[in-house]
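Data block below; observations after.
The values are calculated or read from the model by the stated rules, or taken from the named source; none is laboratory data. This structure is a prediction, so every number in the text was calculated from the model and none was measured. Using ideal geometry, Cβ is built from the backbone for each residue, glycine included, and neighbour counts are taken over all protein chains shown.
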Amino acid sequence: MLVLLGLALGARGAGAFLVHVASSCPLAANGSMLDFDFAIVFNKNPLVCYDPTTRLFVACDWGLLHDAADVVAANLNNNTGWLQRTEARHRACRDLGLHFWASTALRRTPPQVRIVASKTSNARTPVLLTCHVWGFYPAEVTLTWLHNGDIVGPGDRPPISAIPNGDWTYQTQVTLLVDPVAGDTFTCSVQHASLEQPLLEDWGPGLSPGLTLKVVAATLVMMVGLGFFIAGVYHYRAGPPAKGYTPIPGDNYHVDSI
């Protein structure tokens, strides 16, 4: 049928053409089917559409191709194969819509979170904290920064727009400029429909790389010194008593008589 349609339109001087079948099932928020669309499309323009109420094809092009659309619709209505195939798609949308809706749109996937710190050129706020949140569904998520347990900025935060990952999950991020001091704790609080309680990720200022190296070196030197001290004590305890040494009651040392 589509081949004959292409030949007929080409013979009438339509030139290059593209014919394809398009169908869709718009769903309501609860997953129920709102409508069923099935059309034969010519060069991105719907030519013949299926009417679920009458279960017949009708011309849906009211331009230059209307007469051709009437002919195609009449031929499709006389073809029980096309009618049965289209009605089968209609039933599939009605019967399977709720099943797929429950396993996709109604599912809950909890987010993952990580805080990354980077240096800035601003002396007043030398550290930029970025809270990365990813792998969650649905897309609505609320992120809040806490400083030592107190909310930074306004308490009521609107949901943040998330970026789709292409696998039915989303990602987003928020940043915060800080001037941390020793003992500070910055927390990224994530609220999502999949979580019973907010997901909290903490960050605190650590040692600089140079200071960290010094601490590690000092720790190694202390451990080596402690090892020598223990070895010396053991060697001293294992050696014979000095001349003239008189053991006291309970001492492990003894002097052999000569």
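For the range 107-153, which positions are over 25 Å from L195 (Cα atoms) and of a type in the set (S, T, Y)?
Result: S118, T120, S121, T125.
Among strands (runs of 3 or more DSSP E) lying entirely in the range 165-258, which contain 3 or more residues that are among the hydroxyl-bearing types (S, T, Y) and modelled with pLDDT of 80 or more?
Strands (runs of 3 or more DSSP E) meeting the threshold: 170-178.
Among the candidates R108, R114, R124, single out the residue that is closer than 25 Å to M33 by Cβ and not aliphatic (A, V, I, L, M).
The match here is R108.
So, in the range 101-117, of the ones that are at pLDDT 80 or above and not in a loop (DSSP other than H, G, I, E, B), which residue ends up surrounded by the most Cβ atoms within 10 Å (Cβ to Cβ)?
Only one residue tops the list, namely V113.
Looking only at the range 168-194, count every residue that is over 18 Å from A117 (Cβ atoms) and out of contact with any strand residue (DSSP E or B) (no Cβ under 9 Å at 6 or more places or on another chain) and tell me the total.
Qualifying residue count, the range 168-194: 0.
Can you say whether V58 is surrounded by 12 or more Cβ atoms within 10 Å (Cβ to Cβ) and either closer than 30 Å to V190 by Cα or modelled with pLDDT of 85 or more (or both), as far as the supplied structure shows?
Yes.
What pairs can you find where one residue is in the range 79-96 and assigned by TED's automatic domain parsing to the domain that holds V48, the other is in a helix (DSSP H, G or I), and their Cβ atoms are less than 9 Å apart, with a gap of 6+ or different chains?
Matching pairs, first to second residue: W82/N75; W82/L76; L83/L76; L83/N77; T86/L76.
If I go through the range 101-133 residue by residue, how many of them are farther than 30 Å from T144 by Cβ and touching a residue at least 12 places away in the same chain (Cβ under 8 Å)?
Qualifying residue count, the range 101-133: 2.
Picking from A22, A73, which residue would you name as being surrounded by 12 or more Cβ atoms within 10 Å (Cβ to Cβ) and either closer than 29 Å to L98 by Cβ or modelled with pLDDT under 75 (or both)?
A22
Please specify each residue of the range 82-112 satisfying the condition of being under 25 Å from the mean Cα position of the chain (by Cα) and small (G, A, S).
Scanning the range 82-112 gives G97, A102, S103, A105.
Kindly indicate whether any position in the range 83-90 is under 30 Å from T104 (Cβ atoms) and in a loop (DSSP other than H, G, I, E, B).
No, because not a single residue in the range 83-90 is under 30 Å from T104 (Cβ atoms) and in a loop (DSSP other than H, G, I, E, B).
Working carefully through the options W134, W145, find the one that is buried (at least 18 other Cβ atoms within 10 Å of the Cβ) and either part of a strand (DSSP E or B) or among the hydroxyl-bearing types (S, T, Y) (or both).
One residue alone meets the criteria, W145.
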